[in-house]
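Have a look at the structure below, then the notes.
The values are calculated or read from the model by the stated rules, or taken from the named source; none is laboratory data. Nothing here was measured: the structure is a model prediction, and the numbers come from that model. When we count neighbours, we look across all protein chains shown, and the Cβ atoms used for this are built from the backbone with ideal geometry, even at glycine. Just so you know, the surface numbers come from the protein's heavy atoms only, side chains and all, with ligands and any DNA or RNA stripped out. Shrake-Rupley method; radii C 1.70, N 1.55, O 1.52, S 1.80 Å.
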Amino acid sequence: MRSTASPPSPAAAPPAARRIGDLLVERQLATAADVAKALAFQQQFGGRLGSILVRLGALSEESLLPVLSEQLRIPLLEGGEWPEDAAAIQAAMDATGLVREWWLDNGAVAWRSASAGLLVAARDPLDPALNEILQQRLSADGWAWRLARSQDLDRLLDLVGRAGRVDAAEGEDDVSHLRELAEEAPVIELVNNLLAQAMDQRASDIHIEPEELLFHVRFRIDGILHTRLTLPASRYPAVASRVKLISGMDIAERRLPQDGRLSTRVSGQEVDIRASAVPAVHGESLVLRLLPKERQELSLERLGFSARDLALFRTWAREPHGIVLVTGPTGSGKSTTLYATLEEMNRRDRKIITVEDPVEYQVPGVTQIQANAEIGYSFARALRAILRQDPDVVMIGEIRDLETAEIAVQAALTGHLVLSTLHTNDAVSAFTRLVDMGVEPFLVATSVRAVQAQRLVRRVCPDCSAPAEVLPAVARLVTPLLGDEPAPADWRRAVGCARCQGTGYRGRIGIYELVDVTPELQELVLARATGERMRALANEQGGRTLREDGLLKARQGLTTVEEVVRVTGGMGMDG
């Protein structure tokens, strides 16, 4: 966060008397305790209160800037006022008679806007020396302050050459230099602001990807990556070092993959962050997975099950023994489904133990075990131990190998209900996957009680969606699934608005394929039948495919046909 106040100048009205801390508390953007903590920090170390609150994770810069703008009566930098290029900025600064080095050293830039004349943004416009010089040099021409986001101001400074000087004097291999870069206030603010923006925009992951001349920051929102920031490659070492430092990685190691994690407060929320660094051609690719601790109450009703599917899944969860598998690719919501199931099962009358890698959410009343392959504490080893703990329900984060699969089967055959996930494209592929791992078909057929495949589709934005016409082929696919008394169709199309950031979608919902293991299906598993035969049998017995469930939700106006096609693949609906 850069511009936190306006200096007394002919270009800006005197700031309001109300303190920023009081305004933030009044608008419930920060708590009184957060402000008190920031004031204590300010008294000891100095700095602007707004910047301190952002740095402490009490709120995001996006939430702070509008309040500052109102308090200080300084407009926010708008898109129409944005400088065209580095030459335009340089020309405006040269015209002031102040050299480029003076502007860069003071963290300030000036440029001319066609609508507003000479504009100035700075890291700290209350700096007395900065304010005095600007009034002396610019008062005759007239000028105005603008509040700018940290990353916007950094981009302007980079345009006029600041980035080109970052690492000119010292080599990138100097570990002490990398640590110094990671501790610089602008780098700390940049990383903190990226985390805060990601939380405000409901991002699940942050991707930091270096290229030869630039590096990009992308947020994964509702399963789709969106570019949020592009900066010169010379800024990358400082950002990467900061991320690695706070997540407990070795900042000197750039040849091998590393994992790290931290718990922190971002935009007023407690969040766990898992970080991964993988060496690439132009530097390490960094990915941060955001796991908010304060999550909505998990329940099966919230996940998007139809009434029929919800009743069936709850029947499975009440089974005394057997394996219930949830399948799908990474990021399809499998863990969320299992956690919601545990929440519903957790009535303190059954012993529930999980073994996970990692433990994403903590469930009160459930014994959760963190596997650690680095010390030899694998899923299989943990499973052997927890079966001696007299559990009723065992949840395995993922069946990854034959050893884990065999122990899960033995647990199911000896009176335990086993919940787990498997990476397959559809439900019936789970049987062939287990057999391919090396589990005997008769063990698969007798132990697996049910399989559910799932994906996540984006919900259409309720604020901007519009009615849509669908192809006749889509209507023909959906009609047999409607039953005797179908509700009126409400097909929608995505439009895009400010609330959904122009995407036309906001949030996600699950689509599901449930396969109950019947005696007929057991016979096919025992005979090592193909996936096509098992799939055909499941359909004959009333099962819905992922695509069919998605189209039913599109008909209800929850998502769009285009989104279902994107997630489930081509449909051959040219008619």
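Some notes on this structure:
- Within the stretch 486-523, the set of residues being aliphatic (A, V, I, L, M), open to solvent by 40 Å² or more (accessible area, probe 1.4 Å) and closer than 20 Å to residue 337 by Cα is empty.
- Residue within the stretch 351-365 that is under 22 Å from residue 205 (Cβ atoms) and aromatic (Phe, Trp, Tyr) present: yes
- Which listed residue is farther than 22 Å from residue 441 by Cα, under 30 Å from the mean Cα position of the chain (by Cα) and of a type in the set (A, V, I, L, M, F, W, C), from 471, 558, 481: 558
- The set of residues from the stretch 345-368 being in contact with a helix residue (DSSP H, G or I) (Cβ under 9 Å, 6 or more places away or on another chain), more than 18 Å from residue 422 (Cβ to Cβ) and at pLDDT 90 or above comprises 345, 351, 352, 353, 366, 367.
- Within the stretch 299-354, the set of residues being closer than 21 Å to residue 444 by Cα and hydroxyl-bearing (Ser, Thr, Tyr) comprises 315, 327.
- Residue within the stretch 369-381 that is modelled with pLDDT under 90, open to solvent by less than 50 Å² (accessible area, probe 1.4 Å), in a helix (DSSP H, G or I) and of a type outside the set (D, E, K, R) present: yes
- Hey, residue 51 under 19 Å from residue 265 (Cα atoms), open to solvent by 10 Å² or more (accessible area, probe 1.4 Å) and within 35 Å of the chain's Cα centre (by Cα) or not: yes
- Among the residues here, residue 415 qualifies as within 19 Å of residue 317 (Cα to Cα) and not acidic (Asp, Glu).
- Some residue of the stretch 564-573 being at pLDDT below 90 and open to solvent by 50 Å² or more (accessible area, probe 1.4 Å): yes
- Elements of type helices (runs of 4 or more DSSP H) contained in the stretch 382-495, each with 3 or more residues being modelled with pLDDT of 90 or more: 402-413, 429-437, 441-447
- Listed by first and then second residue, the pairs linking a residue in the stretch 207-218 that is under 14 Å from residue 238 (Cα atoms) to a residue that is aromatic (Phe, Trp, Tyr) and assigned to a strand (DSSP E or B), with Cβ atoms under 8 Å apart and 6 or more places separating them unless they lie on different chains, are 208/215; 209/215.
- The set of residues in the stretch 354-368 that are surrounded by fewer than 13 Cβ atoms within 10 Å (Cβ to Cβ) and either part of a strand (DSSP E or B) or in contact with a Ser or Thr (Cβ under 8 Å, 6 or more places away or on another chain) (or both) is empty.
- Test: residue 483 is of a type outside the set (Lys, Arg) and open to solvent by less than 50 Å² (accessible area, probe 1.4 Å): no
- For residue 294, the stated conditions do not hold, so it cannot be described as among the acidic types (Asp, Glu), open to solvent by less than 60 Å² (accessible area, probe 1.4 Å) and under 23 Å from the mean Cα position of the chain (by Cα).
- Qualifying helices (runs of 4 or more DSSP H) (wholly inside the stretch 497-563; at least 1 residues being of a type in the set (S, T, N, Q), under 24 Å from residue 329 (Cβ atoms) and without any contact (Cβ under 8 Å) to a residue 24 or more places away in the chain): 531-540
- For first residues located in the stretch 322-348 and without any contact (Cβ under 8 Å) to a residue 24 or more places away in the chain, partners that are open to solvent by less than 50 Å² (accessible area, probe 1.4 Å) and lie 6+ apart or on another chain with Cβ distances below 8 Å form the pairs 346/352; 346/363; 346/365; 346/366; 348/365.
- Helices (runs of 4 or more DSSP H) enclosed by the stretch 57-138 - at least 2 residues per element that are surrounded by fewer than 17 Cβ atoms within 10 Å (Cβ to Cβ) and among the hydrophobic types (A, V, I, L, M, F, W, C): 86-95, 100-105, 128-138
- Qualifying residue in the stretch 65-83 (condition: acidic (Asp, Glu) and more than 16 Å from residue 144 (Cα to Cα)): no
- Filter result for the condition that a residue is at negative phi, without any contact (Cβ under 8 Å) to a residue 12 or more places away in the chain and surrounded by fewer than 21 Cβ atoms within 10 Å (Cβ to Cβ), over 274, 308, 314, 289: 308
- Subset of the stretch 208-232 (residues that are of a type in the set (A, V, I, L, M) and under 19 Å from residue 152 (Cβ atoms)): 208, 214, 217, 229, 231
Rundown of residues vs (1) closer than 19 Å to residue 319 by Cβ; (2) open to solvent by 10 Å² or more (accessible area, probe 1.4 Å), yes/no style:
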position: 421; (1), (2): yes, no
position: 424; (1), (2): no, yes
position: 429; (1), (2): no, yes
position: 432; (1), (2): no, yes
position: 442; (1), (2): no, yes
position: 446; (1), (2): yes, yes
position: 450; (1), (2): yes, no
position: 458; (1), (2): no, yes
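- Selection status of residue 417, farther than 20 Å from residue 332 by Cβ and surrounded by fewer than 23 Cβ atoms within 10 Å (Cβ to Cβ): no
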